[in-house]
Structure formats: structure tokens, C-alpha cells
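The structure under discussion appears below in the form of C-alpha cells.
The values are calculated or read from the model by the stated rules, or taken from the named source; none is laboratory data. Computed from a prediction, not measured in an experiment: that's the story for all the values here. Ideal geometry is used to build each Cβ from the backbone, glycine not excepted, and the neighbour counts take in all protein chains shown. Side chains are part of the model used for accessible areas, which takes the heavy atoms of the whole protein and leaves out ligands, DNA and RNA. Shrake-Rupley method; radii C 1.70, N 1.55, O 1.52, S 1.80 Å.
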Amino acid sequence: MSALSYTHGTGATTLLGDTIGANLDRAVAAWPDREALVDVPSGRRWTYARFSADVDELAYALLATGIARGDRVGIWAVNCPEWVLVQYATARIGAVMVNINPAYRTHEVEYVLQQAGISLLFASLSHKTSDYRAMVEEVRGRCPQLREAVYIGDPSWDALIGRGTPGRAEELRSRAGELSCDDPINIQYTSGTTGFPKGATLSHHNILNNGYFVGELIAYSEQDRICLPVPFYHCFGMVMGNLAATSHGACMVIPAPSFDSAATLRAVQDERCTSLYGVPTMFIAELNLPGFAAYDLSSLRTGIMAGSPCPVEVMKRVVAEMHMAEVSICYGMTETSPVSLQTRMDDDLEHRTGTVGRVLPHLEVKVVDPVDGVTQPRGTAGELCTRGYSVMLGYWNESEKTAEAIDAGRWMHTGDLAVMREDGYVEIVGRIKDMIIRGGENIYPREIEEFLYAHPKIADVQVVGVPHERYGEEVLACVIPRDPADPLTLEELRAFCEGRLAHYKVPSRLQVLESFPMTVSGKVRKIELRQTYAE
């Protein structure tokens, strides 16, 4: 009889019982003179000792402003050192930092300000076409709890810092002594595809441990320098990046305010980074950059790829041409702090591209029948669920939605379709809502995408289901061609699939595109592709 699709992570290293502030203190005591943070655009640098002093200075200012334990402090900004200072200063005083997506517009930011009850907001002044100050002023009158807005790089930041004095050191020590590692410390709004986003509420214990164990599995130490082109407002940046770094005495390197492939490669080269993060589309952009071969990336040994599955050909190039022999794939979701599954440093190419790894230490995962919740035999597709220290406290002020996501046994239901192999590694085969049902056959887009990546004319591909009168749904392949002057035809695509894919999986429609609609965190918006081409 086949084993059940259940496994738990063991490990010799125990969970951390610290608050984020206490954990930072440990790093500062161990490595005061090592670099903690480098901002490449401005040339600013912080040792651990200076970083801690600047975090305390901001914490004093927040105390002087009247921010109490549990008060919500928003941050609506692109990647910059001040973002990181706000992250650690709010943690020091037990305020709940609310991450706001820099791509949000007035309608969305007004919702978040009201729903979270934000009393103090930090914001960028502007970025690209976004004028954050103008947008804040537009919604401020409708957000009565918002007492103050402080802008990064503006006199209002200096004025706030000026309110804090070292005389508040005793107050800060007293506040730190009141905090529990189980306190809520962070709210992250998950991009809802319908309705408003939900605020996943995370504790010190959730995110500190997750960052720490992600770092442990790629052997971080104080010798590591991590290039972070991924957004801080997302768990990828602030947990897997910042908290993984500070819990190991490593250095956080900011290459640019938002993703820029050339700036990223330049930062890796000039700062001798040992680790690089990104979603697959970021790595694809870096590898395809004109002059890519001229960058010296020999300092790299590892990194993290997450957000969506990595095509085999991309992974081969990342290992061979970017020197990232120990690169790791991570899988997770905001509600689980975020990582539940991760490949290990010595995993082979097939495990790094065909799976999303195995369970992290101190966590449990299982694959269940989406209808009746019964745990499936290994090798059978079902919904992936996870349980343990990483599962969020809940959605902020939304108990009904929390109960829909977390069952009575404290299992978080991910909404992802997965298969657990006999060796415990997990394959993600799609979203329950992305699964295509054609004439009663269940089709997983990921399988078709992986197959089509091998076509010489295809640079990138996304497969979605669109309505069909007879079969219910049909398969649409959305393709970005390698050479726009020589695009793929449907006949060529179907001929490539003939005899190699089951007939019902062969795309019956083709759409050639210049780019895919993306979320700010670099994920393809499949729902938008489905809606656009549903006619």
C-alpha cells in the first residue's frame, strides 16, 4: 500500500523563541563591525553596530510620537534602507508594521489605511509615475485614524527622527521587556483576485523562524552578502531576505529601488555578493541582458528562486553561467510566513526544477482530496496543506475568512494542487482555480508549460483554460517568442506536441504576446490572461 501524502520536518536546530529585536541584539553582539546593510544607489553602508543604533534612534522617535504596542504603522515605499529601519524599529517597540504594495493606487491604499487602522504612515515621495504624497493627501480626509504621514527623503523624516532622544533608552528597554514572540508584528495584504485583499497577520515567531530556517538550509553565515532585487513589501524581501540575513550576521545589499536587471548584476559584481534572489522572470531578464557575459558573478554560490516554477533550461544557465551551484527553490505563501517547502543545496537538477523541495524543519505538510479533505496516497494530486509555527495568526479583523483558510486542526489550506512523491518532495501542478477541465479531463497547465519551454521559438509561455462550447474549457498557450520577427504559428505548436502530449492537452489556441500581465512581485496574472482571451 502506498504511503500517505503526509510528512513533517525534523532537525537538530530548535526553533528560536526570540522577538525580532532580541534576535538583532544577538547579531550585533556577535558581529558589531561586519556590514549589515548596503544601499548601492546612494552608496550608504551600515555595520551591525551602526544599523542597530539607527534602528534604536527611529524606535525612540516612534515612542515619542506615541506609538503603543500593537499600534499599526504603515509603510508604502520602494526598496530603500529606511524601509529596513522601519521594519526593525517597529519590531523593537511591538508596533505592527503594515506592508503596502508600492503599485497600489488611491482606492487600494485607502482601503488598507482604514482596514488596518494605520495611525502613522511612512511613504516614498515618488517613484516612476507614482506621486505618493499626492495620493496620501487625496485619501487622508477619509482615514480618520491616520494621524501622521512621514516621507522618506523629505524633511518630515528628519523631523520625526529629531523627536526621539537617547533619553528614551530606558523606555525602549522597558517596552522590549513587555513583548512576546507570539505578538502580531506584521500585516501583509495578499493580492485578492476578487474583492479587496486580506491582511495576513504574522508574529515575531512566524517570520523570524521562517527567515532563519530558510537561511539555515542554504548555509548562511556572517560571510554571506545577499543581493535583494525582490520587493521588501513582500515576504520574499523582508523575511527570506532581511530576517534570514540578520539572524545569521549576513549583509543585505539593495541594488535598486525596484527590479533592474543591469543594476542587480552590477551590485552582485561590485559588492561580491554570495547570494542572489529573484522570481524566474527576473533571472530570465538577467540572463538575456545584452552584455551579460561581461559581469563577474564568480562570488555567487547560492540564492533563492521562488514565486513560480523554474524552467529546466533557466535553472541550467543559473547554475552554469551565474555560478549558483547551491541555488534553492522555495515554495510558500504570505499566510505561512512564507516558506513551507525548500530544495536542499545538494539536490539534483531534476529535484530543483521538477519539485519545490521538501518540508522545512518543524513544519508539517499533507496533500488532501479538495472535496472531502482525506489525505491522498503519495503520487496522487490534491490540495496542499501546511501546519506549524509558520501559519499566520489570521486575517486582520476577518475571522470568517480566517476560518475558510485555516481549518479546526490549524492546517492552512493553500489552494494549490500538489503531488507528494515517494521521497517526500512535492510537485506543484497548479492552482485549484487554474486547473483546466476539458471534457471531464483534469489538465495541469504547469505540465504543458514545462513541455513547451523546450520549443526553440518560445522564450516564455503561460497556459490557461478558456471557455469552450463543447468541452467546457480548451487549452490556450500564451507565448513570448524568442525572435519577434519569426513568431510561432499554431500549426508549428501543434506539430511540436503531436504524439508527445495526450491529445486533450495539446493547445487548441495560441496567442503571441510581447509580455505577460504581472503582479508587482513578479508573478504572471493568469486570471487576466484568462479574462482577456475568454472570448
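Miscellaneous remarks
- Residue tally, condition at pLDDT below 95 and touching a strand residue (DSSP E or B) at 6+ places or on another chain (Cβ under 6 Å), over the stretch 193-239: 2
- Matching residues, the stretch 419-430, being under 20 Å from the mean Cα position of the chain (by Cα) and either in contact (Cβ under 8 Å) with a residue 24 or more places away in the chain or more than 23 Å from Gln531 (Cβ to Cβ) (or both): Val426, Glu427, Ile428, Val429
- Check on Val365, at pLDDT 95 or above, in a loop (DSSP other than H, G, I, E, B) and under 23 Å from the mean Cα position of the chain (by Cα): no
- Applying a threshold of 8 Å to beta carbon distances and a minimum spacing of six or more residues, or different chains, the list of pairs starting in the stretch 118-145 at a residue that is free of Cβ contacts under 8 Å to residues at least 60 places away in the same chain and at positive phi and ending at one that is open to solvent by less than 10 Å² (accessible area, probe 1.4 Å) and in a strand (DSSP E or B) is empty.
- Listed by position, the strands (runs of 3 or more DSSP E) inside the stretch 1-100 whose residues that are touching a residue at least 60 places away in the same chain (Cβ under 8 Å) and small (Gly, Ala, Ser) number at least 3 form an empty set.
- Looking only at residues in the stretch 373-409 that are among the β-branched types (Val, Ile, Thr) and over 24 Å from the mean Cα position of the chain (by Cα), the one that is surrounded by the fewest Cβ atoms within 10 Å (Cβ to Cβ) is Val374.
- If you go through the stretch 399-449 and keep only what is assigned to a loop (DSSP other than H, G, I, E, B) and at positive phi, you end up with Arg410, Gly424, Gly439, Gly440.
- Identity of the residue in the stretch 451-472, surrounded by fewer than 19 Cβ atoms within 10 Å (Cβ to Cβ) and among the charged types (D, E, K, R), that ends up nearest to Gly357 (Cα to Cα): Lys457
- Just one of (1) in contact with a Phe, Trp or Tyr (Cβ under 9 Å, 6 or more places away or on another chain); (2) of a type outside the set (A, V, I, L, M); (3) modelled with pLDDT under 95 fails for Gly249. It is (3).
- Failed condition for Asp346, given (1) modelled with pLDDT under 95; (2) open to solvent by 20 Å² or more (accessible area, probe 1.4 Å); (3) within 30 Å of Ala405 (Cα to Cα); (4) assigned to a loop (DSSP other than H, G, I, E, B): (3)
- Restricting the stretch 351-362 to residues that are closer than 15 Å to Glu422 by Cα and part of a helix (DSSP H, G or I) leaves a set whose member that is modelled with the lowest pLDDT is Gly354.
- Residue check, Ile304 within 26 Å of Pro102 (Cα to Cα), touching a Ser or Thr at 6+ places or on another chain (Cβ under 6 Å), touching a residue at least 40 places away in the same chain (Cβ under 8 Å) and among the β-branched types (Val, Ile, Thr): yes
- Restricting the stretch 494-511 to residues that are closer than 22 Å to Glu535 by Cβ and either open to solvent by 60 Å² or more (accessible area, probe 1.4 Å) or among the basic types (Lys, Arg) (or both), the residue that is farthest from the chain's Cα centre (by Cα): Arg494
- Scope the stretch 165-192; condition farther than 30 Å from His107 by Cβ, modelled with pLDDT of 95 or more and not in a helix (DSSP H, G or I); matching residues: Leu179, Ser180, Cys181, Asp182, Asp183
- When the residues of the stretch 303-319 are filtered to those that are more than 16 Å from Leu265 (Cβ to Cβ) and in a helix (DSSP H, G or I), the one that is least open to solvent (accessible area, probe 1.4 Å) is Met315.
- Within the stretch 312-327, residues that are farther than 16 Å from Ile218 by Cα sit with their Cβ atoms under 8 Å from residues that are part of a helix (DSSP H, G or I) and among the hydroxyl-bearing types (Ser, Thr, Tyr), at 6+ positions apart or across chains, in these pairs: Val312/Thr353; Met315/Thr353.
- Failed item, numbered, when Val312 is tested on (1) touching a helix residue (DSSP H, G or I) at 6+ places or on another chain (Cβ under 8 Å); (2) on the phi > 0 side of the Ramachandran plot: (2)
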